[in-house]
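Notes follow once the structure below has been shown.
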Amino acid sequence: GAVVSQHPSWVICKSGTSVKIECRSLDFQATTMFWYRQFPKQSLMLMATSNEGSKATYEQGVEKDKFLINHASLTLSTLTVTSAHPEDSSFYICSAVSLAGGPTDTQYFGPGTRLTVL
Amino acid sequence: AQSVTQLDSHVSVSEGTPVLLRCNYSSSYSPSLFWYVQHPNKGLQLLLKYTSAATLVKGINGFEAEFKKSETSFHLTKPSAHMSDAAEYFCVVSDAGGTSYGKLTFGQGTILTVHP
């Protein structure tokens, strides 16, 4: 149980276009989903916290107008990279906290999406 | 505020020998601590977690970690390394008792190499 999927697993796009990444909790309901970014050979950096039915909370330095997050249901959150540029190329990872998880902060991670902007 | 320091960026061991991956943390509240493993091109997998219960935590695949409050450490160990253990390991802290519920802070990662 506790499976999180991401789609697509990798995407290549042209500079200036927008890309949408989906994060789904497959067998549980998630009140909260998180979006992380991982640069090559670096650790994960939290970008934003997404709560179902409300606006996402962005970490300092993350442009909310560039990285649009929508958490429309208890099983789906989307990250849209708008007007992508080469410096946005990275590995984007989502995670989800189970509705029944309690205060133990066990996050279940998706497999990640590799974005390459040409 | 919370932070995590993984003391080794790379660890290399021979198959069948013990593994030690070191982690120190800083937290203003009673922390929750985790170890995650990331295999190439795969998602992060939870190895084990500490949430103020027993200080010696057993995880999957023979890994275990001991929470030592006096040393602010949460080192990951395994008695005998297997080739399949080669991966990157992340020590993670969360201030479950504070206002940052659900917010994880990752260490820099330790790449484990296992030689035949």
- Quick one: of A:K41/B:K68; A:K14/A:K66; B:K42/B:K69; B:K58/B:K103; A:K64/B:K42; B:K49/B:K69, which pairs are farther than 21 Å apart, Cα to Cα? A:K41/B:K68; B:K42/B:K69; B:K58/B:K103; A:K64/B:K42
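Of all chymotrypsin sites (Phe, Trp or Tyr not before Pro) in the range B:1-71, which ones are in loop regions per DSSP and have a Cβ with at most 14 other Cβ atoms within 10 Å? Mind showing how you got there, number by number?
Numbers: sites: B:Y25, B:Y29, B:F34, B:W35, B:Y36, B:Y50, B:F63, B:F67; in loops: B:Y29, B:F63.
For chymotrypsin sites (Phe, Trp or Tyr not before Pro) across the range B:1-71 that sit outside H, G, I, E and B with at most 14 neighbouring Cβ atoms in 10 Å, the list reads B:Y29.
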- Item | Contour minus Cα-Cα distance for B:A54 and B:L7 (0.36 nm per residue) | 14.5 nm
- Message: Applying a 10 Å radius around every beta-carbon, put B:11-24, A:4-17 in order of their mean neighbour count, most first.
- Response: B:11-24, A:4-17
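Please compute the net charge surrounding A:P8, taking Lys and Arg as +1 and Asp and Glu as -1 over other residues with Cβ under 11 Å from its Cβ. Could the numbers behind the result be given before it?
On the way: positive: A:K20, A:R114; negative: A:E22.
Charge balance near A:P8 sits at +1.
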- Message: Please flag any cysteine in the protein assembly as shown that has no other cysteine's Cβ under 4.7 angstrom from its own Cβ.
- Response: A:C13
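Averaging sequence separations of C-alpha pairs under 8 Å and six or more residues apart, then dividing by the length of chain B, give the relative contact order as a whole percent. Show your work: numbers first, answer last.
Details: 307 pairs, mean separation 42.8, N = 116.
Value for chain B: 37 percent.
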- Contact order normalised by residue count of chain A, Cα under 8 Å, 6+ apart, percent: 37 percent
- Quantify how strongly other chains surround peptide B:43-53 by giving the mean number of their Cβ atoms within 10 Å of each of its Cβ atoms. 4
- Of A:T113, A:Q29, A:P86, whose Cα points farthest to the positive end of the dipole of chain A (charges on the beta-carbon: +1 Lys, Arg; -1 Asp, Glu; origin at the Cα centre)? A:P86
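Run through the DSSP bridge list for chain A and note the antiparallel percent, rounded to the nearest 5.
So the antiparallel bridges in chain A amount to around 90 percent.
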- Within the range B:1-17: backbone nitrogen closer than 14 Å to the B:Q108 label point (7 Å, Cα to C-beta): B:4-11
- Item | For the range B:29-64 versus the range A:14-39, the gap between their alpha-carbon centres in whole angstrom | 23 Å
- Message: Could you compute the net charge surrounding A:T75? Neighbours are other residues with a C-beta less than 11 Å from the C-beta of A:T75; K and R count +1, D and E count -1.
- Response: -2
- Query: Where the only charges are on Cβ atoms (+1 Lys, Arg; -1 Asp, Glu), what is the dipole of the protein assembly as shown about its Cα centre, to the nearest 20 debye?
  - Reply: 180 debye
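Where a number appears in this text, it was derived from the coordinates with a stated rule and is not lab data. What you see is a predicted model; the values in this text were computed from it and never measured. Glycine also receives a Cβ, built like all others from the backbone with ideal geometry; neighbour counts cover every protein chain displayed.
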